[in-house]
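The values are calculated or read from the model by the stated rules, or taken from the named source; none is laboratory data. Keep in mind that what you see is a predicted model, and the values were worked out from it rather than measured. Backbone-built Cβ (ideal geometry, glycine too); neighbour counts: all protein chains shown. With ligands, DNA and RNA removed, areas are computed over all heavy atoms of the protein, side chains included. Shrake-Rupley method; radii C 1.70, N 1.55, O 1.52, S 1.80 Å.
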Amino acid sequence: MEDTYLDQLEAEAIFILREAVVKCKDIVMLYSIGKDSAVMLHLAQKAFYPEEIPFPLLHIDTTWKFKEMIDFRNRLSEQSGIKLLTYTNISGLKAGINPFSSGSAYTDIMKTQALKQALKIYGFQAAIGGARREEEKSRAKERVFSYRNEEGAWNPRRQRIEVWRLYNTRLKLGESLRIFPLSNWTELDIWRYIKKENIKVVPLYFSKLRPTVLRNGNIIMVDDERLPIKPDECIQMRKIRFRTLGCYPLTGGFESDAQNVDEIIDELQSTRFSERNSRLIDFEIDGSLERRKREGYF
């Protein structure tokens with residue numbers, strides 16, 4: 001029964017990907033290097049086999065991702081032959097925007113503005129992403145084909161009706177779409193599908209002894225020398241893993257013994273907390289994720 005359910009989710013996602021390619025022009029798939037992106041890429045390869053994926057991948061590189069994420073991305077690009085674009089907001093980089101002293105401006109400039117710049121520079125009218133509705137309450141408001149205005153902004157009240165899996169993709173000049181084939185998947189579905197299809201993911205998802213500091217109740221991994229260590233902090237080796245991956249100073253790990261996919265699945269079946277609880281940027285202020293989504297954040 002589990003395999004049948006996963007097959008249904010797979011079929012729906014493949015249908016959405018094919019609809020996107022048929023109905024949209026100048027399309028790209030966003031690639032965050034995480035588990036959802038890994039599943040999305042696998043689905044795209046299945047959807048268009050034996051042909052190559054008919055769109056490039058785009059990674060918005062803030063320069064603060066975990067080193068293991070970048071290594072994984074580079075190996076994937078070299079071994080698969082997939083066209084992978086990377087984009088960094090150079091003006092933000094030159095201005096010294098960083099996760100420590102820039103506050104919410106960091107996410108806006110290095111993520112939201114960088115994404116909007118990249119979509120405009122490359123001329124993409126539609127971007128496929130791996131967001132899931134069960135991740136966070138603002139994402140539960142999303143459509144599968146999510147309409148964005150000329151500024152790339154999202155308004156939940158202006159989204160289009162989706163019945164019988166019919167999607168309105170008509171756009172005026174400057175408007176765009178964000179497309180979410182994994183909308184009806186859960187975190188547990190993702191991991192069960194990773195197991196079923198034997199999909200490779202970044203090793204950070206698996207428990208291992210890693211150098212960490214405790215900061216504001218979060219376990220932060222010391223990934224390089226740029227992380228400032230406060231006087232009251234002490235670097236300690238802890239056996240941790242990550243449920244979600246982002247910029248390492250803003251992504252909390254947690255202590256775990258799960259070292260393979262089966263153990264992760266067992267662990268998730270007993271947890272009550274969303275993976276987004278470890279994303280520090282989601283809790284800058286109340287409703288901050290929805291506010292950023294309205295501004296153009298994915």
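Numerical summary
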quantity: Summed side-chain charge close to Leu209 - residues other than Leu209 whose Cβ falls under 12 Å, Lys, Arg +1, Asp, Glu -1; calculated: +3
quantity: Cα gyration tensor category, rounded, prolate or oblate, for region 75-141 with a/c compared to 1.5; calculated: oblate
quantity: Rounded accessible area per residue of region 154-285, 1.4 Å, Å²; calculated: 53
quantity: Whole-percent carbon and sulfur share, accessible surface of the chain, 1.4 Å; calculated: 50
quantity: Rounded D (µm²/s) - region 15-120, Kirkwood Rh over Cα pairs, Stokes-Einstein at 10 °C, 1.306 mPa s; calculated: 105
quantity: For region 1-58 versus region 99-121, the gap between their alpha-carbon centres in whole angstrom; calculated: 26
quantity: Within a Gaussian network of the chain (alpha carbon springs, distance under 10 Å), most fluctuating of Gly152, Gly96, Gly246; calculated: Gly96
quantity: Those residues of region 236-254 whose amide nitrogen sits under 20 Å from the label point placed on Ser101, 7 Å along Cα→Cβ; calculated: 248-250
quantity: Value at 222 nm in deg cm²/dmol, rounded to 500, when DSSP H runs of n ≥ 4 in the chain each add -39,500 (n - 2.57); calculated: -9500 deg cm²/dmol
quantity: GNM flexibility winner over the chain from Leu119, Leu250, Leu173 (Cα, springs under 10 Å); calculated: Leu173
quantity: Square roots of five times the Cα gyration tensor eigenvalues for the chain, Å; calculated: 30, 24, 18
quantity: Size of charge dipole - the chain - debye, nearest 20, with Cβ of Lys, Arg +1 and Asp, Glu -1, no other charges; calculated: 940
quantity: List Thr169, Thr86, Thr212, ordered by accessible area with a 1.4 Å probe, largest first; calculated: Thr86, Thr169, Thr212
quantity: Rg to Rh quotient for region 47-109, alpha carbon positions, Kirkwood Rh; calculated: 1.10
quantity: Sites matching trypsin sites (Lys or Arg not before Pro) across region 3-81 that sit in DSSP coil, with at most 14 neighbouring C-beta atoms within 10 Å; calculated: Lys25
quantity: Computed magnitude of the charge dipole of region 109-254 (debye, nearest 20; Cβ of K, R +1, Cβ of D, E -1); calculated: 420
quantity: For region 1-123, accessible area per residue (1.4 Å probe, heavy atoms of protein chains only), Å²; calculated: 48
